[in-house]
Amino acid sequence: MGEGVALQAMSLYASLSGKGPSGFGYASTAADVTEGLNLAGKTYAVTGATSGIGLETVRVLLSRGARVVALGRKLERLEQALDGAKGRENLSVQLLELSDLNSVSVAAKALRERADLFDALILNAGVMALPKLELCSGFERQFFTNHIGHYYFARLLEASLAERGRVVVLSSEAHRAAPAAGVDFDNLRGEKSYSAWSAYGRSKLANLLFAFEFGERLARSGRIAHAVHPGVIDTPLNRHLPGLARAAYSLGNLLFLKTVPQGAATQMYVATHPEVRMDEPRYWSNCNLSTPRPIALDVELRKKLWRISAEIVNELGPEKVSD
């Protein structure tokens with residue numbers, strides 16, 4: 001799936017689905033949830049911006065007048081995809097490799113030096129279902145890239161969040177596939193076992209736990225973090241799936257999968273909409289509040305993850321963060 005994804009037909013399920021209390025639902029698109037919003041004067045940073053829902057998020061933010069810093073690994077592709085786009089003059093790009101904490105530090109420093117205050121950090125990037133165990137700085141790659149890289153990036157930019165600024169963390173319903181313990185801290189390096197989906201689920205649960213802990217801390221200063229489930233979408237994130245699973249996704253496009261504009265809707269809603277709750281961190285799906293797996297609400301687990309994440313980045317990263 002490439003940049004022409006906006007032409008993807010709506011699935012059968014989406015065409016039959018209704019809307020939730022927010023006035024939006026499964027079939028809503030990023031353009032729908034921002035219709036009528038004037039984002040001129042606001043600044044957003046989006047990771048994983050070079051394809052899929054990250055690219056769509058950048059495109060719609062620019063079309064609503066926002067300034068956007070788009071971060072990713074293939075900046076030429078990003079610039080080509082947005083050539084001639086409405087609001088293109090408000091786009092800045094920055095190289096970011098989340099699996100390399102030196103790259104994360106360089107990117108965060110570049111954003112700090114802009115002296116902008118960000119109305120939202122949209123932590124969209126990720127890898128999914130790697131078929132074999134891969135290590136990154138000694139840790140399982142999905143956990144390190146999806147969680148640790150974003151944890152470090154957001155912590156380094158905390159002081160650059162605007163008043164009532166938001167951190168939007170892309171989680172997933174796949175968090176329900178995490179190990180029974182939630183985060184198996186004794187297996188973060190794959191010492192004991194490796195399952196592609198369990199490891200992915202662990203990384204997505206870690207995203208959720210991080211959003212809840214960070215959101216509680218940010219709420220003390222009038223800012224917030226939320227976690228979102230974008231829906232099931234056929235994007236380049238699925239490139240590691242085996243052939244049978246890819247075939248299932250093709251069928252799913254017709255039956256229930258979201259289009260890329262629909263997949264970008266929830267993170268766009270949470271990042272920009274004035275009615276989004278700022279009092280406490282929550283989990284969102286289909287542009288409405290949702291209920292995560294119960295272990296995601298375990299306060300001790302999220303605090304332990306926060307502490308261990310700080311230890312990891314302070315050992316491996318060039319800049320230190322508090323625990």
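Bear in mind that the values in this text are calculations on the coordinates, not laboratory data. None of the values given here were measured: they were computed from a predicted structure. Reconstructed Cβ throughout: ideal geometry from the backbone, glycine too, with neighbour counts over all protein chains shown.
Side notes on the structure shown:
- Protection-proxy order for peptides 131-140, 27-36, 60-69, each taking the mean of Cβ atoms within 10 Å per residue, highest first: 60-69, 27-36, 131-140
- All distinct Cα pairs of the stretch 52-198 go into the 1/r average, and the inverse of that average, the Kirkwood radius, is 16.7 Å.
- Length added when fully stretched, LYS303-SER193, from 0.36 nm per residue minus Cα-Cα: 37.1 nm
- Relative protection proxy for 78-84, 42-48, 101-107, 124-130, from highest mean packing down: 42-48, 124-130, 101-107, 78-84 (other beta-carbon atoms within 10 angstrom).
- Percent breakdown of C-alpha pair distances by 10 Å bin, ordered from the shortest bin, for the stretch 124-197: 16, 47, 26, 10, 1
- For the pair the stretch 297-323 / the stretch 75-139, the C-alpha centres are spaced 21 Å from each other.
- Ordering of 150-156, 192-198 by packing is 150-156, 192-198, highest average first (other Cβ atoms within 10 Å, averaged per residue).
- Residue order for HIS147, HIS175, fewest other beta carbons within 10 angstrom first, comes to HIS175, HIS147.
- Of the DSSP H helices in the chain, those whose Cα atoms cover at least 30 Å axially and whose Kyte score averages -0.5 or more: 196-219
- Across the alpha-carbon set of the chain, the Rg to Rh ratio works out to 0.93, Rh being the Kirkwood radius.
- Distance between modelled label sites at ALA159 and GLU113, nm, 7 Å Cα→Cβ extension: 1.6 nm
- Using the Karplus relation 6.51 cos²θ - 1.76 cosθ + 1.60 with θ = phi - 60°, the per-residue 3J(HN,Hα) values for the stretch 181-187 come to 7, x, 10, 7, 4, 8, 9 Hz, with x marking Gly and Pro.
- Mean residue ellipticity (222 nm) of the chain, computed from DSSP H runs ≥ 4 via -39,500 (n - 2.57), nearest 500: -10500 deg cm²/dmol
- Separation in nanometres of the label points that stand 7 Å from Cα toward Cβ, at GLU35 and ARG176: 3.1 nm
- Separation of the ARG77 and GLU315 label points, Cα + 7 Å toward Cβ, nm: 3.2 nm
- Under the Karplus curve 6.51 cos²θ - 1.76 cosθ + 1.60, θ = phi - 60°, whole-Hz ³J(HN,Hα) for the stretch 69-79, x wherever Gly or Pro sits: 9, 9, 10, x, 9, 10, 5, 4, 5, 4, 5
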